[in-house]
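Enquirer: Here it is, the structure, as structure tokens.
The numbers here are math on the coordinates, done by the rules we state, and not lab data. As the structure is a computational prediction, the values presented were derived from the model and not from experiment. Cβ placement follows ideal geometry from the backbone for every residue including glycine, while neighbour counts extend to all protein chains displayed.
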Amino acid sequence: MRVNHQRRLLNKAAEARDYQITIRQRADASWPGDHSRLTALESTGHLRRIDPLEDPGCPVAVWQITAAGLSQLRALTSGAE
């Protein structure tokens, strides 16, 4: 079964109480695979990056779903059911 990461991540953000997704950097300073997927969704305007701290070395990255992201999620899920 092929996973639609765009739908999965937008859905995860939409279902969160604060409409946000937070990921943590690994101990070896690498990011999980979803980091690049979330960055791609940010570049399309579906998510907006929120930096919890002004520290560039912060091991946490946070994105919040946008109105465009909610619209995209509706379009993705309307054909899935």
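Enquirer: Pick from Arg48, Arg26, Arg17 the residue whose mean-square fluctuation is largest in a GNM of the chain, springs joining Cα atoms under 10 Å.
Expert: So, out of Arg48, Arg26, Arg17, the one fluctuating most is Arg17.
Enquirer: Which of the listed residues, Ser30, Ser78, Gln64, is farthest toward the dipole's positive end in the chain, when Lys, Arg count +1 and Asp, Glu count -1 at the beta-carbon?
Expert: The one lying farthest along the dipole's positive direction is Ser78.
Enquirer: Also, I was wondering about something else. Rounded if a/c is under 1.5, else prolate if a/b is larger than b/c, else oblate: which is the chain, with a ≥ b ≥ c the root eigenvalues of its Cα gyration tensor?
Expert: Because a/c hits 1.5 or more and a/b exceeds b/c, the chain counts as prolate.
Enquirer: What length, rounded to one decimal in nm, is gained on full extension from Ser78 through to Asn4, with 0.36 nm per residue of separation minus their alpha-carbon distance?
Expert: 25.3 nm
Enquirer: When the helices in the chain are scored as -39500 (n - 2.57) per DSSP H run of 4 or longer and the sum is shared across all residues, what 222 nm value do you end up with, to the nearest 500 deg cm²/dmol?
Expert: Only helices count here, giving -12500 deg cm²/dmol.
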